[in-house]
Amino acid sequence: MANLKDLSKNPERVTGGHRLCAGCGAGIVARQTLIAVGDTPVVVTSATGCLEVSTTIFPYTSWKNSFFHSAFENSAATCSGIEAAYKSLKKQGKITEDIKFIAFGGDGGTYDIGLQSLSGAMERWHKMLYICYNNEAYMNTGIQRSGATPKGAHTTTAPAGKVQQGKERNKKDLTQIMIAHNIPYVAQAYVGNWNDFITKVQKALSIDGPSFINILTPCRLGWNYKPEDTMALARIAVETCIWPSFEVENGVYKINVMPKEKRPVVEFLKPQGRFKHLFKPENASILESIQKDVDTKWEILQRRASVACQA
Ligand SMILES: Cc1ncc(C[n+]2csc(CCOP(=O)(O)OP(=O)(O)O)c2C)c(N)n1
Ligand code: SF4
Ligand SMILES: [Mg+2]
């Protein structure tokens, strides 16, 4: 577990005064990631998205470390290229210090448009951490559905109305896709538990190889809830098991936050405007199917974790 006293001595490398919305989870992810790094030199790359757009408005920047804005598609490719150059320069004796490499991407930049470059970077075994700050839609361009948008959520391209009731299909399970890359470390985390997330970042960065963290990151605009509820909402996601906090280290599953009592998914859906239509009586079957899907996936995850415990 991360030590709060030690962390408090670490520099703040993502400053305030950025233009992210009040209550935006993405700023919390970036800030906690860099606090986790401490004062080790770090190279950050970022795909286009709210995090990049709102923290690098020319001529200002919120980043005190080096920051490379790549295209939407290639945050992972950019980061892996820099890491390869670093390795070569180190071998030649031109760099002596240890440097960490972190790529950020939103869910649009990770689940969809940057998936190929992410997959390649992980498979080539670069020593880098990729963090997907997952707010479950293309928020920066006005809340379009992505491969991470959950079933039933209203977005501008999967709207709730007479024809359909928000997105009709389940989200892609990107965490499992990354586990299938057989890389040393894959984790799910959530905004609302700094210790869980920072511990994961530090673990991922200590590994001699690629690592991936998918962090559920509430977006007060696209999810349509009160800005002050960001942390509480993300915690309910874990308590309902709609977004479990777990890690897979060298193939071994571990559930990091076990809910004391599994809460019904409606407790996560109800406070969010994007799911408002699901509470009409005629949409009860959609709510039931969401609960059923969550129950099934939770059972599977627990089985995987218990097999790992017995091994
Ligand atoms: C190739 C390409 N297509 C589309 C865009 C326009 N665009 C910029 S940000 C963005 C949405 C990003 O979504 P996501 O990665 O989920 O990050 P978020 O904005 O939600 O933080 C889009 C579509 C672009 N910059 N490049
Ligand atoms: S739209 Fe959402 S993701 Fe973008 S800055 Fe606002 S709260 Fe953050
Ligand atoms: Mg997004």
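Of the residues making up the range 241-263, those that are over 17 Å from PRO184 (Cα atoms) and open to solvent by 60 Å² or more (accessible area, probe 1.4 Å) number 5.
Screening MET128 with (1) surrounded by 23 or more Cβ atoms within 10 Å (Cβ to Cβ); (2) on the phi > 0 side of the Ramachandran plot gives one miss only, at (2).
Note on the range 193-228: residues that are farther than 18 Å from ASN134 by Cβ and within 13 Å of ligand 2 (Cβ to nearest atom) amount to 3. Pick from the range 176-229 the residues that are polar (S, T, N, Q), out of contact with any Cys (no Cβ under 7 Å at 6 or more places or on another chain) and in contact (Cβ under 8 Å) with a residue 60 or more places away in the chain: which of them is nearest to ALA84 (Cα to Cα)? Per the stated criteria, the residue is SER211. Reported count of residues in the range 122-143, each being in contact (Cβ under 8 Å) with a residue 24 or more places away in the chain and within 16 Å of ligand 3 (Cβ to nearest atom), is 12. Filter the range 62-74 down to the residues that are among the hydroxyl-bearing types (Ser, Thr, Tyr) and more than 16 Å from ligand 2 (Cβ to nearest atom) and list them by number. Within the range 62-74, SER66, SER70 qualify.
Selection over the range 82-114 of residues that are touching a strand residue (DSSP E or B) at 6+ places or on another chain (Cβ under 8 Å), more than 16 Å from ligand 1 (Cβ to nearest atom) and acidic (Asp, Glu) gives a count of 1.
Looking across SER119, SER66, one residue alone is modelled with pLDDT under 95, away from ligand 3 (no atom under 16 Å from the Cβ) and surrounded by fewer than 19 Cβ atoms within 10 Å (Cβ to Cβ). It is SER66. Of the helices (runs of 4 or more DSSP H) entirely within the range 1-116, those holding at least 3 residues that are without any contact (Cβ under 8 Å) to a residue 40 or more places away in the chain occupy 4-8, 25-37, 75-91. Being more than 13 Å from ligand 1 (Cβ to nearest atom) and under 16 Å from the mean Cα position of the chain (by Cα) is a condition met by at least one residue of the range 148-155.
Among the residues making up the range 26-63, those that are within 21 Å of ASN214 (Cα to Cα), open to solvent by 20 Å² or more (accessible area, probe 1.4 Å) and in contact with a strand residue (DSSP E or B) (Cβ under 6 Å, 6 or more places away or on another chain) are ARG31, VAL43. Of all residues in the range 1-36, those satisfying the criterion of being within 17 Å of the chain's Cα centre (by Cα) and either away from ligand 3 (no atom under 16 Å from the Cβ) or over 18 Å from ARG220 (Cβ atoms) (or both) are ARG31, GLN32, THR33, LEU34, ILE35, ALA36. When you check VAL238 against the structure, is it more than 16 Å from ligand 2 (Cβ to nearest atom), over 20 Å from ILE183 (Cα atoms), open to solvent by less than 10 Å² (accessible area, probe 1.4 Å) and within 14 Å of the chain's Cα centre (by Cα), yes or no? Criteria met by VAL238.
Looking only at the range 255-274, decide whether some residue is touching a residue at least 24 places away in the same chain (Cβ under 8 Å), over 28 Å from LEU129 (Cβ atoms) and within 16 Å of ligand 1 (Cβ to nearest atom). Yes, that holds for at least one residue.
Within the range 191-208, the set of residues being of a type outside the set (Gly, Ala, Ser), assigned to a loop (DSSP other than H, G, I, E, B) and either crowded, with 21+ Cβ neighbours inside 10 Å or within 15 Å of ligand 3 (Cβ to nearest atom) (or both) comprises VAL191 only.
Checking the structure you have, find out if any residue of the range 122-133 is in contact with a Cys (Cβ under 8 Å, 6 or more places away or on another chain), under 12 Å from SER211 (Cα atoms) and part of a loop (DSSP other than H, G, I, E, B). Yes, there is a match, as at least one residue in the range 122-133 is in contact with a Cys (Cβ under 8 Å, 6 or more places away or on another chain), under 12 Å from SER211 (Cα atoms) and part of a loop (DSSP other than H, G, I, E, B). Considered as a group, the residues in the range 145-176 that are outside any loop (DSSP other than H, G, I, E, B) and in contact with a Gly (Cβ under 8 Å, 6 or more places away or on another chain) include one that is nearest to GLU249 (Cα to Cα), and that residue is LEU174.
The values are calculated or read from the model by the stated rules, or taken from the named source; none is laboratory data. In this text the structure is predicted, and so the values were computed from the model without any measurement. So basically every Cβ, Gly included, is an ideal-geometry build from the backbone, and we count neighbours across all protein chains shown. Note: accessible area is taken over every heavy atom of the protein model, side chains too, but ligands, DNA and RNA are not part of it. Shrake-Rupley method; radii C 1.70, N 1.55, O 1.52, S 1.80 Å.
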